[in-house]
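Following: one structure in C-alpha cells, then a few remarks.
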Amino acid sequence: MDKRIGACYPEMAPVVGYASTATFRSSTKPSGADAYSTLDAQVALFTDLPQPVIVVFQDLDDAPVAATFGEVMTTTYKAFGAAALITSGAARDLEQVRALGFPCFADGAICSHGYPRILDLHVPVHVGGLVVRPGDLLHGDANGVTNIPHEIAHDVANACAEFCQAEDAVLDYCRAGEVTPVGLGEARKEQERRVKAIKQRLGL
C-alpha cells in the first residue's frame, strides 16, 4: 500500500493475516439502521476465512469525514480473533486502542464519530492504491502494509532470514570499523552473491 496508509502504532510487532474486507461510509445519517447494525454480520464471516483475519476497510467518503474505527469496534474485532485493522479512512480513540495492543493502519486520525455504516462485506476493496480481496494475505509493520501472493507465501517466510543474512555482509563490514571504499565494494559484491543464490534457489 502507498504512503497514505501508515501504522498508527509503529512500536507494535509486525502482523500477518488474511483480509476480511468491507466498505464504509460516515458522511450521511443512516436510514432506519443502527450505526453498528452490520458489525454482527461482519464478525460472523470471520470463520469463512483462514485465521487470523485482518479487517480491511475502504472508506467511500472522499475525503474521510469521520473515523472508521475506535475503541468499540477494535475491542469487538479482537474478541472475535482479528489480528489487526487497516483502513483507507481515519482512526480515533488512539490511546484506548493502543492499550488493547491491537495493530491498526490508517490515513491519519479524526476525532469525529460521524454516522458510521459498514456497507458491503467480503468484496474487493481499494486501499492505499492496492486492490484487496477477501482472503488475501497481508503483512503490516512500522513501514506500512504489503500483500503476499499465496503461491509464494511459504518461500517468503523461509527466505526472510536468508535475505537478512545477505545484508549482513555489508552491515557487518560497516560496523567493524576500519572501512575503505574498496572494502565496501567487496562487501557489496558478497551481498549480491548471496541474494543471487537465494533468487536462484527460489526460481526468481
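Here, each number is a calculation from the coordinates, and none is a lab measurement. This one's a predicted model, so the numbers in the text were calculated from it and none came from an experiment. Ideal geometry is used to build each Cβ from the backbone, glycine not excepted, and the neighbour counts take in all protein chains shown.
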Check: Of the beta bridges DSSP finds with both residues in the chain, what % are antiparallel, to the nearest 5?
Finding: 50 percent
Item checked: Candidate lysines for bridging to K199, where Cα separation is under 21 Å - those fewer than 8 sequence places away on the same chain excluded -> K189
Next item on the list: Quick one: grab the alpha carbon gyration tensor of the chain, order the square roots of its eigenvalues as a ≥ b ≥ c, and give me rounded if a/c is under 1.5, else prolate or oblate depending on whether a/b is larger than b/c.
Entry: prolate
Notebook entry, point to check: Charges only on Cβ, +1 for Lys and Arg, -1 for Asp and Glu: so what's the dipole of the chain about the Cα centre, in debye to the nearest 20?
Noted result: 200 debye
Notebook entry, point to check: Considering the chain, which cysteines have no disulfide-compatible partner, defined as another cysteine with its Cβ under 4.7 Å away?
Noted result: C111, C160, C164, C174
Notebook entry, point to check: Over segment 154-202, what relative contact order in percent results from Cα pairs under 8 Å that are six or more residues apart?
Noted result: 46 percent
Item checked: GNM flexibility winner over the chain from Y173, Y77, Y115 (Cα, springs under 10 Å) -> Y173
Check: Once a ≥ b ≥ c are taken as the square roots of the eigenvalues of the Cα gyration tensor of segment 107-148, is the result rounded (a/c under 1.5), prolate (a/b larger than b/c) or oblate (a/b not larger than b/c)?
Finding: oblate
Check: How do I5, I152 rank when sorted from fewest to most other Cβ atoms within 10 Å of their own Cβ?
Finding: I152, I5
Margin query: If the elastic network links every pair of Cα atoms under 10 Å, which of D107, D136, D61 fluctuates the most in the Gaussian network model of the chain?
Written below: D61
Margin query: Going by average Cβ density within 10 Å per residue, which order do the peptides 126-135, 18-27 take, highest to lowest?
Written below: 18-27, 126-135
Next item on the list: Just subtract the alpha-carbon distance of E162 and Y115 from 0.36 nm times their residue separation and send over the number in nm, one decimal.
Entry: 12.1 nm
Item checked: Reciprocal mean inverse distance between Cα atoms of segment 154-202 - Kirkwood radius, Å -> 11.3 Å
Next item on the list: Scan segment 8-111 for GluC sites (Glu not before Pro) in coil per DSSP, keeping those whose Cβ has at most 14 other Cβ atoms within 10 Å, and list them by number.
Entry: E11
Next item on the list: Output the relative contact order of segment 6-148, whole-number percent, from Cα pairs under 8 angstrom with separation of 6+ residues.
Entry: 40 percent
Notebook entry, point to check: Once the Cβ-Cβ distance between R133 and D155 is put in as r, and R0 is 22 Å, what FRET efficiency do you end up with, to the nearest 0.05?
Noted result: 0.55
Check: Once Rh for segment 118-199 is found with the Kirkwood sum over Cα pairs, what is the Stokes-Einstein diffusion coefficient at 20 °C and 1.002 mPa s, in µm²/s?
Finding: 135 µm²/s
Note to self: Angle check, please: helix 181-202 long axis (alpha carbons) against the longest principal axis of the chain (alpha carbons), in degrees 0 to 90, nearest 10.
What the structure shows: 60 degrees
